[in-house]
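The structure appears below as structure tokens.
The values are calculated or read from the model by the stated rules, or taken from the named source; none is laboratory data. This structure is a prediction, so every number in the text was calculated from the model and none was measured. Cβ placement follows ideal geometry from the backbone for every residue including glycine, while neighbour counts extend to all protein chains displayed. Just the protein is used for accessible areas: all its heavy atoms, side chains included, with ligands, DNA and RNA removed. Shrake-Rupley method; radii C 1.70, N 1.55, O 1.52, S 1.80 Å.
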Amino acid sequence: MTLFQRAHDILAAKTNKALDAAEQPDEMLDLSYEQMLDQLTKVRQALVTVAASRKQIELQEQQLQHSADHLEEQAKAALGLGKEDLAREALQRKAAAQTQIDGMESQHQQLNEEQEKLEQTLAALQERVNQFRTQKETLKAQYTAANAEASVNESVAGISSTLGDSGAALQRAQDKIANMQARAGALDELLQSGVLEDVGGDTDDIQKELDEAGSSADVDRELAALKAQIGPASPTPELPAADR
């Protein structure tokens, strides 16, 4: 394949694609219907022409036949008057007229056959036009309905896409809020447990005093418990005086 042929094929393919995209079914149906009506008109015109030619030949045949009959009567009259030469001339003219009549007969027959064919063609074409007209209106109605349905589906698809995006945004917001709430709860627990304070460094003076007070109270409670277990305390013995 030559480069020129390939370029030609590509251009033709793109042209057909563009035409197919621009083609509207209802418009194409109307165009096809108009073309069929044009064909129907042409067949009718041809039928009228053939019928007129056939009728003209019939009239000519009738005139020639009338002339032949008249010449025969004239030949009889001439013979009755004893004018044989005149009768011969009349019969010769009659023979010439009959020759013309015979020649037209074949043409007449051909025109009759052509007219019959055209009448059959016209009837078949008329039936096709009638059927196409009914189908055309049905297909146009179906196309209109399909086009409307497609538009509705496109709108629904757009709404669904928008709703899907909104739902995703809502889910992201919910996830973010949940993460923030979890973080806040964790920080609150750490603050209450004192972990964050230990991590942050030395405690302040007030906290130290509170911690010491708590520790002293624990020691006093433990000492009281031991005293209760041992019982009342005995007098403390005096230590012997050292020699001086």
Exactly one of (1) open to solvent by less than 90 Å² (accessible area, probe 1.4 Å); (2) more than 27 Å from Ala46 (Cβ to Cβ) is unmet by Asn112. Its number?
-> (2)
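Here is a list: Glu127, Glu149. Which entry is over 22 Å from Ala52 (Cβ atoms), more than 14 Å from the chain's Cα centre (by Cα) and without any contact (Cβ under 8 Å) to a residue 12 or more places away in the chain?
When all the criteria are applied, what remains is Glu127.
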The lone exception for Ala97 - which of (1) closer than 23 Å to Ala46 by Cβ; (2) surrounded by 15 or more Cβ atoms within 10 Å (Cβ to Cβ); (3) of a type in the set (Gly, Ala, Ser) it fails = (1)
Among the residues of segment 40-71, how many are free of Cβ contacts under 8 Å to residues at least 60 places away in the same chain and either of a type in the set (Gly, Ala, Ser) or surrounded by 16 or more Cβ atoms within 10 Å (Cβ to Cβ) (or both)?
-> 8
Please enumerate the residues belonging to segment 1-58 that are modelled with pLDDT of 80 or more and among the charged types (D, E, K, R).
-> Glu27, Asp30, Glu34, Asp38, Lys42, Arg44, Arg54, Lys55, Glu58
